[in-house]
1. Please return the longest stretch of the chain lacking exposed loop sites, where GluC sites (Glu not before Pro) count only if DSSP places them in a loop and at most 13 other Cβ atoms lie within 10 Å.
2. Return the label of the correct value of Rg/Rh (Cα atoms, Kirkwood Rh), as calculated from the structure shown, out of [x] 1.11; [y] 1.19; [z] 0.91.
3. For the chain, what does the helix formula give at 222 nm: sum of -39500 (n - 2.57) over DSSP H segments with n ≥ 4, over the residue count, nearest 500 deg cm²/dmol?
4. So, in Å, what gap is there between the alpha-carbon centers of region 58-72 and region 5-38?
5. Grab the other residues whose beta carbon is less than 14 angstrom from that of D13, score K and R as +1, D and E as -1, and report the net.
6. Between C38 and D16, how many nm apart are label points set 7 Å from Cα along the C-beta direction?
7. Report the gain in length on full extension from E80 to M1: 0.36 nm times residue separation, minus Cα-Cα distance, nm rounded to one decimal.
Amino acid sequence: MAILKLVSGEKVDLNDGDSLADAAESLGIPLACRAGVCGSCRVKIVSGIENLNDRSEEADMLGLEDNERLMCKASIKQGEVIIDPN
């Protein structure tokens, strides 16, 4: 089982391998394109980055920091991930 938690404390339980985007939307975070080209779903990973899939090529192309991911291209392998969507 995986858990996505916001820094505000809200959380959602997920199955291992579930999309970060789907989980974030269930917490009320809107997403735009879901294709990794606009960067609007950029999110700071506060903890649990080791529980995410490998960084996407799109994240590299958009110049994201090491602790940032595109929610539309990330999935939670297992465990807990805490994000700051602001």
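What follows draws every value from the coordinates through simple rules; no lab data is involved. Here the structure is a predicted model, which is why all the values come from computation and not from measurement. With ideal geometry, Cβ positions are generated from the backbone for all residues, glycine too; neighbour counts draw on all protein chains shown.
1. Details: sites that count: E10, E65.
Here the longest segment lacking exposed loop sites spans 11-64.
2. Checking each listed value against the structure points to [z].
3. Helix contribution divided over all residues of the chain: -3000 deg cm²/dmol.
4. 15 Å
5. Net charge around D13: -3.
6. So the two model labels end up 3.4 nm from each other.
7. On the way: separation 79, 0.36 × 79 = 28.44 nm, distance 0.88 nm.
Here the answer is 27.6 nm.
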